[in-house]
Amino acid sequence: MNPVRFSKPDPSPVSGVAFALTAFLIWGASPVYWKVLADVPALEIISHRVVWSFFFLLPLLWWQGRWPEFIGVLKKPRTVATLLLTALLVAANWLIYIWAVNHGLVLQASLGYYINPLVNVILGALFLRERLRRFQYGAVLLASAGVVYLTLSLGQFPWVSLTLAVTFGIYGLIRKIVAVGALVGLLVETALLSLPALIYLGALHAVGAAAFGGAGLRISFFLTGSALVTALPLLCFSLGARRLRLASLGFLQYVAPSCMFLLGVLVYEEPFSAAQVKTFLMIWCALAIYSADSILFYRRRGCATRLAPAGAPLAQGAPK
């Protein structure tokens, strides 16, 4: 008689959700932070984000004893080239997002991050061969319908929304598959962008147009603090992305645009239509369907794991 196997649940999905949720909550509330810097050009803000993030991450890497890993990555030209691509993608995403927030387009930014999970699902299917279950397909279709409906109701090409969705979707895909740790990869990305950022900031100081040191202590403090607002959620996102399926990560991302959506409507009082209300409800219904299906699936999988005899295979359909 084979013994009954009692195994502990895999902690990776749980920790992955925790890391990803932390990242998306910070991103969702970030318009409040960037609005403080509304009078600073978006490119200058991005430059400070890059430079201060690099100096924030550098001692953290040393403290964790991962300096040899960082040097090892720099010795691999192909990996450095890949991380240069991800650095440019995330920098473009930051630039457009901050520009949109400080030009009264928080709702358009919200739409971009509503579309982004759908981009993730498509990328997962095309490049990672991830499969969705029946109810998950229904959730994707419902969310897609909501996004298309809202896009058409705008009456104009939503370039801000689509650019935000595509750049961050591709960034998430590459960072998920590149063989570099989250912290090391993020440090390499900021290191690659720091030199041009420092050159730009130096040029601003040379002509007396820099906000840092020239627009008051408060502005200088918030520009410096952009390191924490930048590095912490990106680090959490990278850690979550390596523990979750891309489709699951995509649907968790609805947390961030929902926070932005509420800020845009309730705090910044941007125009709000009946079409936007309907879309918001459709997307959250899709999220509820997807979440309920995932919970039931993992409960069934957990039962199968506890009751399966030693050496017996688990039920088919478990995530790879």
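The values are calculated or read from the model by the stated rules, or taken from the named source; none is laboratory data. Keep in mind the model is a prediction, meaning the values are calculated, not measured. Don't worry about glycine lacking a Cβ; one is built from the backbone with ideal geometry, like all the others, and counts go over all protein chains shown.
Miscellaneous remarks
- Filtered by the rule that a residue be closer than 17 Å to A18 by Cα, of a type in the set (A, V, I, L, M) and part of a helix (DSSP H, G or I), the range 241-286 gives A241, L246, A247, L249, L252, V255, A256.
- Only one of the numbered conditions (1) within 21 Å of L287 (Cβ to Cβ); (2) assigned to a helix (DSSP H, G or I) is not met by L132, and that is (2).
- Enumeration of residues in the range 253-278 that are within 21 Å of D293 (Cα to Cα) and buried (at least 22 other Cβ atoms within 10 Å of the Cβ): Q253, Y254
- For A92, the conditions (1) farther than 30 Å from I295 by Cβ; (2) out of contact with any Ser or Thr (no Cβ under 9 Å at 6 or more places or on another chain) all hold with the exception of (2).
Results for (1) buried (at least 16 other Cβ atoms within 10 Å of the Cβ); (2) touching a helix residue (DSSP H, G or I) at 6+ places or on another chain (Cβ under 7 Å); (3) not aromatic (F, W, Y), shown as yes or no for each residue.
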{"site": "Y171", "(1), (2), (3)": "yes, yes, no"}
{"site": "G181", "(1), (2), (3)": "yes, yes, yes"}
{"site": "V184", "(1), (2), (3)": "yes, yes, yes"}
{"site": "L193", "(1), (2), (3)": "yes, yes, yes"}
{"site": "A203", "(1), (2), (3)": "no, no, yes"}
{"site": "A206", "(1), (2), (3)": "no, no, yes"}
{"site": "A211", "(1), (2), (3)": "yes, yes, yes"}
{"site": "S220", "(1), (2), (3)": "yes, no, yes"}
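Listed here are the residues, each with its yes/no results for (1) within 30 Å of T151 (Cβ to Cβ); (2) surrounded by fewer than 20 Cβ atoms within 10 Å (Cβ to Cβ); (3) acidic (D, E).
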| residue | (1), (2), (3) |
| --- | --- |
| P31 | yes, no, no |
| V51 | no, no, no |
| G65 | no, yes, no |
| I115 | yes, no, no |
| F135 | yes, yes, no |
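- Contact map, the range 190-201: first residue touching a residue at least 40 places away in the same chain (Cβ under 8 Å), second residue small (G, A, S), Cβ cut-off under 7 Å, separation 6 or more or different chains; pairs are T190/S53; L192/A87; L193/A87; L193/A91; A197/S47; Y200/S47; L201/S47; L201/A210.
- Set side by side, the residues V17, V73, V40 differ, and just one is in contact (Cβ under 8 Å) with a residue 40 or more places away in the chain and either closer than 14 Å to T230 by Cα or outside any helix (DSSP H, G or I) (or both), which is V40.
- W52 modelled with pLDDT of 90 or more and either closer than 20 Å to F237 by Cα or of a type in the set (K, R) (or both): yes
- Filter pass, L183 being under 25 Å from the mean Cα position of the chain (by Cα), of a type outside the set (V, I, T) and over 19 Å from N102 (Cβ atoms): yes
- Of G208, G172, all but one fail to be part of a helix (DSSP H, G or I) and either in contact (Cβ under 8 Å) with a residue 60 or more places away in the chain or not polar (S, T, N, Q) (or both); the exception is G172.
- Meets criteria (of a type in the set (A, V, I, L, M, F, W, C), more than 30 Å from E269 (Cα to Cα), buried (at least 20 other Cβ atoms within 10 Å of the Cβ) and within 15 Å of the chain's Cα centre (by Cα)) for L83: no
- Residue identified as modelled with pLDDT under 85 and closer than 29 Å to L83 by Cα among L164, L183: L183
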